[in-house]
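Peer 1: Before I ask anything, here is the structure I am working with.
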Amino acid sequence: MRIDILTIFPEILEGPFSQSIVKRAIDHQIVEIHLHNIRDYSTNKHKKVDDYAYSVGAGMVMTIQPIADLIDKLKSERSYDAIIFTTPDGIPYQQKQANQLSLFDNIIILCGHYKGIDQRIRDHYITHEISIGDYVLTGGELAAAVITDSIVRLIPGAMSDETSALTDSFQDGLLSPPVYTRPADYNGWKVPEILLSGDEKKIEAWKHEQAIEKTKTIRPDLLKN
Ligand code: 6GU
């Protein structure tokens, strides 16, 4: 899979992809992540990428030209399955969408900024508008990192069997049950007896029951579906 990320702050995105599972997936050539600085494509002599909105007090808006030229260049090199725009007024991101995106070969993620981008970019290029939650970030870079991370870990080979994405919270519509490791007794804080029993069937039933209890308490909305 190839992910092209278009941003005016590429440095923000270097950290999240240089560690752990995403780094491993890049090293193993399971995914290619290309960061593009939108500013490099500005034909303006000061490399400007924004301008005043056509309405009073609406602040600065990202201009069409550098973004359009960059997307046109990428599209001339390969075909893209999705062109995503990260924006707080997008569709709320969920695991189901991560699953779908992880099946694609080539995607672009355009990071939003300031008060937004010229609507014509959204109208003519963007296929998916995504928000990662009901709060406002200073820019779309962190959202792009979240989306990329959630996709990459689902690509076959990105994770070992032990950390398989199939057992994640949300994949079965339930939150994960609590987990424990040694020691069985830490200064009197004990691991639940059943986990020490060795009875796999009973342990599975306990885990399922715990998952339901936890979901009921924290995310009752998940149980309605
Ligand atoms: Cl995708 N962008 C920004 N700027 N804020 C957000 C967001 C995205 N998702 C939630 N808040």
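The values are calculated or read from the model by the stated rules, or taken from the named source; none is laboratory data. Just so we're clear, the structure is a prediction, and the values are computed from it rather than from any experiment. With ideal geometry, Cβ positions are generated from the backbone for all residues, glycine too; neighbour counts draw on all protein chains shown.
Peer 1: The conditions are (1) free of Cβ contacts under 8 Å to residues at least 60 places away in the same chain; (2) under 21 Å from VAL61 (Cβ atoms); (3) more than 9 Å from the ligand (Cβ to nearest atom), and GLY112 fails exactly one of them. Which is it?
Peer 2: Result: GLY112 passes all but (3).
Peer 1: Here's a check for you: in the stretch 3-24, which residue that is touching a Lys or Arg at 6+ places or on another chain (Cβ under 8 Å) and within 22 Å of VAL152 (Cβ to Cβ) is surrounded by the fewest Cβ atoms within 10 Å (Cβ to Cβ)? Reasoning before the result, please.
Peer 2: If we filter the stretch 3-24 for residues that are touching a Lys or Arg at 6+ places or on another chain (Cβ under 8 Å), which is where we start, we get 8, 17, 21-22.
From the residues that got through so far, the ones that are within 22 Å of VAL152 (Cβ to Cβ) too are 17, 21-22.
On the way: PHE17: 20, ILE21: 15, VAL22: 21.
My answer is ILE21.
Peer 1: Which of the strands (runs of 3 or more DSSP E) contained wholly in the stretch 56-161 include at least 2 residues that are of a type in the set (S, T, N, Q)? Walk me through it before giving the result.
Peer 2: Values: elements: 60-62, 82-92, 106-111, 128-131.
Here the list reads 82-92.
Peer 1: So, one more: With the structure loaded, tell me whether ASP134 is more than 9 Å from the ligand (Cβ to nearest atom) and either among the acidic types (Asp, Glu) or under 27 Å from GLN29 (Cα atoms) (or both) or whether it fails that test. Break it down into steps so the answer makes sense when it comes.
Peer 2: Details: more than 9 Å from the ligand (Cβ to nearest atom): no; either among the acidic types (Asp, Glu) or under 27 Å from GLN29 (Cα atoms) (or both): yes.
Judged against the criteria, ASP134 is not a match.
Peer 1: A further question on this structure: Before we move on, is ALA145 surrounded by 20 or more Cβ atoms within 10 Å (Cβ to Cβ), in contact (Cβ under 8 Å) with a residue 12 or more places away in the chain and away from the ligand (no atom under 16 Å from the Cβ)?
Peer 2: On the way: surrounded by 20 or more Cβ atoms within 10 Å (Cβ to Cβ): yes; in contact (Cβ under 8 Å) with a residue 12 or more places away in the chain: yes; away from the ligand (no atom under 16 Å from the Cβ): no.
Spelling it out, it is not the case that ALA145 is surrounded by 20 or more Cβ atoms within 10 Å (Cβ to Cβ), in contact (Cβ under 8 Å) with a residue 12 or more places away in the chain and away from the ligand (no atom under 16 Å from the Cβ).
Peer 1: Taking ILE83, is it within 15 Å of the ligand (Cβ to nearest atom) and surrounded by fewer than 19 Cβ atoms within 10 Å (Cβ to Cβ)?
Peer 2: Details: within 15 Å of the ligand (Cβ to nearest atom): yes; surrounded by fewer than 19 Cβ atoms within 10 Å (Cβ to Cβ): no.
Criteria not met by ILE83.
Peer 1: On to the next question. Here's a check for you: in the stretch 46-72, which residue that is among the aliphatic types (A, V, I, L, M) and surrounded by fewer than 16 Cβ atoms within 10 Å (Cβ to Cβ) is nearest to ILE8 (Cα to Cα)? Walk me through how you get there before you give the answer.
Peer 2: Kept after step one, since they are among the aliphatic types (A, V, I, L, M), are these residues of the stretch 46-72: 49, 53, 56, 58, 60-62, 64, 67-68, 70-71.
If we keep only those that are surrounded by fewer than 16 Cβ atoms within 10 Å (Cβ to Cβ) too, we end up with 53, 56, 58, 60.
Details: ALA53: 19, VAL56: 25, ALA58: 20, MET60: 14 Å.
Here the answer is MET60.
Peer 1: In the set ILE30, ILE5, ILE12, which member is modelled with pLDDT of 95 or more, hydrophobic (A, V, I, L, M, F, W, C) and in a loop (DSSP other than H, G, I, E, B)? Walk me through how you get there before you give the answer.
Peer 2: Working: ILE5 fails: in a loop (DSSP other than H, G, I, E, B); ILE12 fails: in a loop (DSSP other than H, G, I, E, B).
ILE30 is the lone residue from the list that is modelled with pLDDT of 95 or more, hydrophobic (A, V, I, L, M, F, W, C) and in a loop (DSSP other than H, G, I, E, B).
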